[in-house]
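Encoded as C-alpha cells, the structure appears first; notes follow it.
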Amino acid sequence: MIRLREISSVEVEVLPEGHLAREDMNDFQMWLERAIQGGHRTIALNFAGVDTLSSSAIGKILHFKRQCDELGRRLVIRNCSAQMLSLLKMIRFDSLIQIE
C-alpha cells in the first residue's frame, strides 16, 4: 500500500509500506508521478513502513531523483530503519539523495 500526504504547500510525502518489490513498481511509479505533478518543491519518500527494497525499486528511485533534479525539485528519504539506512549507505545512496 502506498499513500500520499501533503505536509505543506511546498512539501509532500510518499509513504510506501511493506516490501517494495518488482511487482509493486507500477503502483510506486503512479504515486511518484502524482507527487511530482503536485508542484511541491520537496518530495519526501517516508520509509517508516518499508521493510525491504528490490533492485527495481532502487532503479525507480534513481530515475525519479533525475526527474526531480531536472524540474528543480528536492528529493529526500526519511524515517528509514537502521537496517534500511545501512543498505542505502552501502550502495552510496546517501551521496546522491539526502537521507534524514
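Key figures for this structure:
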{"item": "Which numbered condition L71 misses (of (1) touching a helix residue (DSSP H, G or I) at 6+ places or on another chain (Cβ under 9 Å); (2) at pLDDT 95 or above; (3) within 22 Å of R22 (Cβ to Cβ))", "result": "(3)"}
{"item": "Residues of region 46-65 satisfying the condition of being within 15 Å of L15 (Cα to Cα) and surrounded by fewer than 18 Cβ atoms within 10 Å (Cβ to Cβ)", "result": "A48, G49, D51, T52"}
{"item": "All positions within region 17-30 that are surrounded by fewer than 16 Cβ atoms within 10 Å (Cβ to Cβ) and either modelled with pLDDT of 95 or more or within 17 Å of R78 (Cα to Cα) (or both)", "result": "E17, G18, H19"}
{"item": "Residue count for region 66-100, restricted to those that are part of a loop (DSSP other than H, G, I, E, B), charged (D, E, K, R) and either under 11 Å from the mean Cα position of the chain (by Cα) or under 21 Å from V12 (Cβ atoms) (or both)", "result": "2"}
{"item": "Lone qualifier among R3, R34 - being of a type in the set (K, R), part of a helix (DSSP H, G or I) and free of Cβ contacts under 8 Å to residues at least 40 places away in the same chain", "result": "R34"}
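The values are calculated or read from the model by the stated rules, or taken from the named source; none is laboratory data. Keep in mind that what you see is a predicted model, and the values were worked out from it rather than measured. Positions of Cβ are backbone-derived with ideal geometry, glycine not excepted, and every protein chain shown enters the neighbour counts.
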